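Data block below; observations after.
FYI, it's all coordinate maths here, none of it is from the lab. These numbers were taken from a predicted model, which means no experiment stands behind them. All Cβ positions, glycine included, derive from the backbone under ideal geometry; neighbour counts span all protein chains shown.
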Number of protein chains: 2
Amino acid sequence: MGDFTYCLIKNAVINGKKQDLLIEKNTIKKIGNIENNEIDKEETKIINAENKIAIPGLINTHTHIPMTLFRGVADDLPLMEWLNNYIWPMEAKLNKDIVYAGTLLGCLEMIKSGTTTFNDMYFFLDGIAKAVDEIGIRAVLSYGMIDLFDEEKREKELKNAEENIKMIKKLDNNRIKVALGPHAPYTCSKELLMEVHEMAKKYNIPIHIHMNETLDEIKMVKEKTGMRPFEYLNSFGFFDDVNVIAAHCVHLSDEEIKIMKEKNINVSHNPISNLKLASGIAPVPKLVENGINVTLGTDGCGSNNNLNLFEEIKISSLLHKGTTLNPTIINAKQSFEFATKNGAKALGLKCGELKEGYLADIVLIDLNKPFLIPKENIYSHLVYSFNGNVDTVIIDGNVVMENGKIVNVDEEEIYEKAEKAYYKLIN
Amino acid sequence: MGDFTYCLIKNAVINGKKQDLLIEKNTIKKIGNIENNEIDKEETKIINAENKIAIPGLINTHTHIPMTLFRGVADDLPLMEWLNNYIWPMEAKLNKDIVYAGTLLGCLEMIKSGTTTFNDMYFFLDGIAKAVDEIGIRAVLSYGMIDLFDEEKREKELKNAEENIKMIKKLDNNRIKVALGPHAPYTCSKELLMEVHEMAKKYNIPIHIHMNETLDEIKMVKEKTGMRPFEYLNSFGFFDDVNVIAAHCVHLSDEEIKIMKEKNINVSHNPISNLKLASGIAPVPKLVENGINVTLGTDGCGSNNNLNLFEEIKISSLLHKGTTLNPTIINAKQSFEFATKNGAKALGLKCGELKEGYLADIVLIDLNKPFLIPKENIYSHLVYSFNGNVDTVIIDGNVVMENGKIVNVDEEEIYEKAEKAYYKLIN
């Protein structure tokens, strides 16, 4: 917000009613009718939000943000061909600068489509954190660990993870948190997972892990351990006294759902990525029935291919109706909460709702668009009709985009950097 | 195009290559490198399309366009509750002016999301045609007939249909064609369907009909006739010597698919509407394997809730991967062709491809958007990443939108008209 201590949003639709919202520093101070004489004009940025709706910024709970550079390099392929011939050769060429360029592009795309927080797992976290800091988005970053059951690799991965924790903590940036990112039960040894669990408790940070994405990986875990993945991890206390965000959760047994419920596992549902890679369709209605916290993620742009969380909202409401043949399943309010309130809960952040005392992560959407008219049932429109093209974005009390124009960075420069980084990856 | 005979699009990406495109009247005259001295500057509108891609305008093969006013009035409901308590009471209040207002809104939305042609079934075709004429879009209009097996109703419906055919033909508007719209085999008598078949041959116009949308309606037809819907219609020659666009086709037997193949039925696949109303998921991979012409439709905004055909393109490529667990099914090229080339074929129009001699229905998309970068594999981005927000639209050689600004009508006025019409419907 530059030099302002306060920001006043005037005449927006907020929580279903036309009213004003006052931000002090990074927090929502008041929602209601706020008169001009209540504020210090010199210290207050005023945003005229006539004909706009204010919503809490969306929370994307599963991304690999530098992979935004991988958009469209390989579609419509079997998983192993996709990984072996495209993704892994490109990942081998990554460095801090390339990751920085990819993160800038990804963050720009997220901000422009209303996402204010993302939960990421990747490498070169210094490059990611630099971009996050500059563009002004909120993030939870984890270093992705894979030891492939090799002791030497394990030691290295754990050392890297702890160094990254210290590095992020040292930044002391209110918008950048750290988590632990063991890749998955089929790529990480039991020893690694147990050490991760200890480290998560020691630093009091969440664990971000891929779970039950494909039938193949579940088979692998079962062959190795005699148990399904959630049973296996639960057998050595992996879920005890820590906050876990489990991405995908496509194929689940009833016993596993029971464990997830008991251990308060947060699910990051990634419907588009799961469809595109033909992993399957997660049993979301069943998870919701069991009171499990469902959130939404885009996954990386290698398998989506965008970061527009409004698409996840729409598809998560549609998909399960179609597969259960029940049109009342996952209503608009539920899928909108997946992407806001539930995401905040999963990440332990006081945001995801427009309430006094909450973090000022706010998105304004211009209602004068054909697909948002008639201007009734606007929350239905946001779920079933909106294309994600938002107007103004405030994160941690700072205006990072205003009337479609990004504030802290030069858009064209981001595009150029991204193109250059991409050509380094493919050549 | 106002006073210009020619329109020259300079430096666009066209068919995968940066080149120019010259339009003469309503037709693509030349694609290639076109020098300024090849054209008559006084007679030519020049569009600088640097950094833009030109694609054929999308073709939406199943809509009920005035229902755009019904957006969001009722979501997440069982079909009969949705129809009885919301849709039918609102439809009872329709008149020409309301239909005109709803059509303007729908056409505006379609143009802004790159659709240049739609195939519609509804009532008050004079109101629809008026809006289509004014805004500049291309349409095939049919009057929706339902006799519910009542002879008196049948005579009335057939009379209405024929009057509408004459009315549309009399307009003599190159952009507005007419078709016959018997609603469905479970709402129309055999006698009506036979007369429709005769009329379609007499006037040489297509038939637009709902087929096999829900399990319930198939059961009804089977109970009444002993046959599944496609078998039943085929039993009295309904598909012979006419061009049929069959909307939905969600539940199909192998025998029905055989009939569809033999009779060259065009399918309008409406994946979003079918998911939202929990009708099911159409067997599109099987239809494609059998060489059946698959096209895309949004259906009406009562069950979608928008007209953004790019969403149908993305979902039609995603959905069938997820349900078959095969990531190579329905690739990007195929789903893009569903919405372009195949749609044109279904409607018998010489468009849907950028080729010399084809109708100049062309959409320009600005590539400087975060979700379209890196700027390689652009066709993948259009299918899997684009949000549908297009830049410039040319229909029948006329520029109807330029740089996001609609040309022939006042946007704000359309919104006002739509809101007023909506309040008439709900009060």
Across B:68-81, the residue-averaged tally of Cβ atoms belonging to other chains within 10 Å stands at 5
Averaged over residues of B:384-392, the number of beta carbons from other chains lying within 10 Å of each residue's Cβ is 5
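Just to verify a number: FRET efficiency for A:N26 and A:K166, C-beta to C-beta distance, R0 = 25 Å, to 0.05?
FRET efficiency, A:N26 to A:K166: 0.55.
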Rounded to the nearest 500, the 222 nm mean residue ellipticity computed for the protein assembly as shown from DSSP H runs (n ≥ 4, each -39500 (n - 2.57)) alone is -11500 deg cm²/dmol
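Over 20 Å between Cα atoms, which of A:K190/A:K222; A:K424/B:K375; B:K130/B:K420; A:K417/B:K314; B:K25/B:K45; A:K166/A:K420 qualify? Can you show the working numbers first?
Values: A:K190/A:K222 14 Å; A:K424/B:K375 14 Å; B:K130/B:K420 18 Å; A:K417/B:K314 28 Å; B:K25/B:K45 11 Å; A:K166/A:K420 31 Å.
Distance filter (> 20 Å) returns A:K417/B:K314; A:K166/A:K420.
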With Cα coordinates, the longest principal axis of chain B makes an angle with the long axis of helix B:190-203, in degrees rounded to 10, of 30 degrees
Taking Cα atoms, the helix B:125-135 axis meets the longest principal axis of chain B at an angle in degrees (rounded to 10) of 10 degrees
In a Gaussian network model of chain A with springs linking alpha carbons closer than 10 Å, the residue among A:Y100, A:Y86, A:Y379 that fluctuates most is A:Y86
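Please give me the summed charge of the neighbours of A:H64: other residues whose Cβ is under 9 Å from its Cβ, Lys and Arg +1, Asp and Glu -1. Intermediate values should be presented prior to the final figure.
Details: positive: none; negative: A:D120, A:D299.
Neighbour charge sum, excluding A:H64 itself: -2.
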To the nearest 20 debye, the protein assembly as shown has a Cα-centred charge dipole, built from +1 on Lys and Arg Cβ and -1 on Asp and Glu Cβ, of 380 debye
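What does the charge add up to near A:Y122, with Lys and Arg as +1, Asp and Glu as -1, over the other residues with Cβ less than 13 Å from its Cβ? If you can, show how the numbers build up before the last one.
On the way: positive: A:K96; negative: A:E91, A:D120, A:D126, A:D299.
Here the charged neighbours net out to -3.
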Between the Cα axis of helix A:151-171 and the main Cα principal axis of chain A, the angle (0 to 90°, nearest 10) is 20 degrees
Inter-part gap, Cα centre of the range B:15-86 to Cα centre of the range B:263-288, in whole angstrom, is 23 Å
At R0 = 51 Å the Cβ-Cβ FRET efficiency linking B:N15 and B:Y203, nearest 0.05, sits at 0.90
Label points for A:T27 built 7 Å along Cα→Cβ; distances to same position in the other copies, nm, shortest first, come to 7.1
Quick calc: nm separation of the 7 Å Cα→Cβ label points for B:M227 and A:L325 -> 2.4 nm
Listed residues B:L319, B:L79, B:L192; largest mean-square fluctuation, Gaussian network over chain B with Cα springs below 10 Å, found at B:L79
Per the rotation taking chain B to chain A, min distance Cβ-to-axis on chain B (residue, whole Å) equals B:N387, 2
Expressed in angstrom and rounded, the centroid-to-centroid distance over alpha carbons for the range A:388-427 and the range A:154-172 is 27 Å
Checking B:M220, B:M211, B:M121 against a Gaussian network model of chain B (alpha-carbon springs below 10 Å), the top fluctuating residue turns out to be B:M220
Computed for chain A: size of charge dipole around the Cα centre, +1 on C-beta of each Lys and Arg, -1 on C-beta of each Asp and Glu, debye to nearest 20, value 760 debye
Here the net charge surrounding B:N387, from other residues whose Cβ is less than 15 Å away from its Cβ (Lys, Arg +1; Asp, Glu -1), is -3
Simple SL model, points at 7 angstrom along Cα→Cβ for B:L83 and A:E419; separation in nm is 5.3 nm
Relative contact order of the range A:58-347 (C-alpha contacts under 8 Å, at least 6 apart) in percent is 21 percent
